[in-house]
Every structure is written in C-alpha cells, then in structure tokens.
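The values are calculated or read from the model by the stated rules, or taken from the named source; none is laboratory data. For clarity, every value in this text was computed on a predicted model and none was experimentally measured. Please note: Cβ atoms are built from the backbone with ideal geometry, for glycine as well, and neighbour counts cover all protein chains shown. Heads up: the accessible areas ignore ligands, DNA and RNA and are worked out on the full protein's heavy atoms, side chains in. Shrake-Rupley method; radii C 1.70, N 1.55, O 1.52, S 1.80 Å.
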Amino acid sequence: MTFGEQPAYLRVAGDLRKKIVDGQLPPHTRLPSQARIRQEYGVSDTVALEARKVLMAEGLVEGRSGSGTYVRERPVPRRVSRSGYRPSGGATPFRQEQADGEGRGTWESSSEQAEASVAVAERLGIEPGDRVMCTKYLFREGGEVMMLSTSWEPLAVTGRTPVMLPEEGPLGGMGVVERMAAIDVIVDNVAEEVGARPGLAEELLVLGGVPGHVVLVISRTFYASGRPVETADVVIPADRYRVAYHLPVK
C-alpha cells in the first residue's frame, strides 16, 4: 500500500477510524492485533503500534488488561444549552446551565475562601493574593456526572454581605445576577470564551473519561459597569456533550 506524503501511522489510523465510524468495527469488537495490522497494511510494528495509540488517544478504542484493545461504545452527544443570564422566574444555577426549565439535574457544591491566583486575579481585575470566594460544583444529569464548575468572586465585592456564600443564605442558589442585585451590584454583561484541552487526571476521574479525552472549557465572567464580579470555568466532556447557544436578537 502506498501512503503518499502523510505519515503511515496516520493513514492506518484513519482507515481503522473509518471502519469504526462506518460500523464495520462495531462497539466491543476487538481491534485487529498489531501483527494483523502490520500484515494488512504492509507496515512495521512501530507504525501499527502508533496507529493504535492514535485511536486510543481519540477515545475510539480502549485497552483491556490481558485481553486486547476493543472499540468503545460511542455515546450519543447531548446538548448543554446556554442562553444569556437565565430564564425568568428565579431558575437555579443548574437550570441556567441547561436552560431547559425542566430541572432534570442535581448538583453538589462547596465554598471556601482562597487567595486569587495570577490567572484568576487577571480575570477579576484584582491583585494576585487578594481574597476570593471559591465555589466548586459537580453537576449530574440522570445520576451521571456531566459537568464540573469552579467559580471565583472577589470578597472586596461580596465579603461580609448576605450573599458572600453563593449557595447559602436567603439567595443561595439563585445565581450571580440575582445575588449581586441584592447588594446593589447590577450585572449588565456576561462574556464566555469556549476552548478545548485534554482533561486533567482529576477531572477525568470524576467525569468518567480516560487519559487523553478532550474536555470543553467555558470561561465565563460577569460584569457590572465594566467591573468583573464573578468568573468561572465550566468543564464538560467533549465526547458526550455539545454546547448550544441561544442568543437574543436586539
């Protein structure tokens, strides 16, 4: 087989990928052995091994100890909808993230005071080391962990107020816009930046991924008259979810 200019291992991986996507190698089917790949494609053991590594890194196959490499079950991507601040009627934070009004999900959260890192300080327009309230969330849908989130709020804004703890007090769970309004801080803008990266080991352990799996990261910041009053990173497994935006037309 002539492989042209593209590296041989990528051509082999591409052909095997096509067979997986087309259903010629359905889920739970054992991937051809390294020797079989070498013979079928006329390549070296090194090329065959590298092709298998590509498929594993893409999450298409998984190794089973003492058994071999098998095609993984491919999840049907579900949607995480986002639509500005939130639906009317005082929706919960998770309903804001899902924006479906059905409240199918549950979440856990924990808050603690911390010092702003350099990156967080830059996003909040404060000095590194300034005190912030850091809140970590774990979201579930139908019992399955589907999203992680970490938010930071400058205590110069919320400290010693009834809304200092995002999930406690009379406005606990009501979200940034309503909570800030309660202390006369009017949120008038929100910005989100979406990127992708390999998931961190601790993230994938919770989200149920394997090393090399890609996650979507939504970096969100709320502003009041140009001043950042909250920033957060939302982490979503890219193989199971798609982010859909519904933006108002002005």
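When the residues of the stretch 48-73 are filtered to those that are in a helix (DSSP H, G or I) and charged (D, E, K, R), the one that is surrounded by the fewest Cβ atoms within 10 Å (Cβ to Cβ) is 53.
Residues that are in a loop (DSSP other than H, G, I, E, B) and not polar (S, T, N, Q) were ranked within the stretch 149-164; the one that is surrounded by the most Cβ atoms within 10 Å (Cβ to Cβ) is 163. Screening the stretch 165-250 for strands (runs of 3 or more DSSP E) wholly inside it with 1 or more residues that are out of contact with any Ser or Thr (no Cβ under 8 Å at 6 or more places or on another chain) and crowded, with 20+ Cβ neighbours inside 10 Å returns the ranges 214-224, 227-237.
Contact annotation: residue pairs with Cβ atoms under 6 Å, 6 or more positions apart or on different chains, pairing a residue in the stretch 213-230 that is within 30 Å of residue 53 (Cα to Cα) with a partner that is acidic (Asp, Glu) and open to solvent by 20 Å² or more (accessible area, probe 1.4 Å), are 217/233; 218/192.
Residues in the stretch 104-120 that are in contact with a Phe, Trp or Tyr (Cβ under 8 Å, 6 or more places away or on another chain), more than 17 Å from residue 228 (Cβ to Cβ) and not small (Gly, Ala, Ser) were compared, and the one that is modelled with the highest pLDDT is 108. For residue 167, the test of being at pLDDT 95 or above and charged (D, E, K, R) is failed. Across the stretch 13-27, which residue is modelled with the highest pLDDT among those that are within 13 Å of residue 58 (Cβ to Cβ) and in contact with a strand residue (DSSP E or B) (Cβ under 9 Å, 6 or more places away or on another chain)? It comes out as 16.
From the set of residues in the stretch 228-250 that are basic (Lys, Arg) and touching a Pro at 6+ places or on another chain (Cβ under 9 Å), which is farthest from residue 121 (Cα to Cα)? Ranking the candidates gives 240 first.
When we screen 140, 123, 95 for residues that are modelled with pLDDT under 95 and part of a helix (DSSP H, G or I), the only hit is 95. Residues in the stretch 124-140 that are touching a residue at least 24 places away in the same chain (Cβ under 8 Å), surrounded by fewer than 21 Cβ atoms within 10 Å (Cβ to Cβ) and farther than 19 Å from residue 167 by Cβ: 3 in all. A Cβ distance below 6 Å, combined with a sequence gap of six or more or placement on separate chains, defines the contacts here; from the stretch 52-79, residues that are acidic (Asp, Glu) reach residues that are open to solvent by less than 90 Å² (accessible area, probe 1.4 Å) and outside any strand (DSSP E or B) in the pairs 62/72; 73/27.
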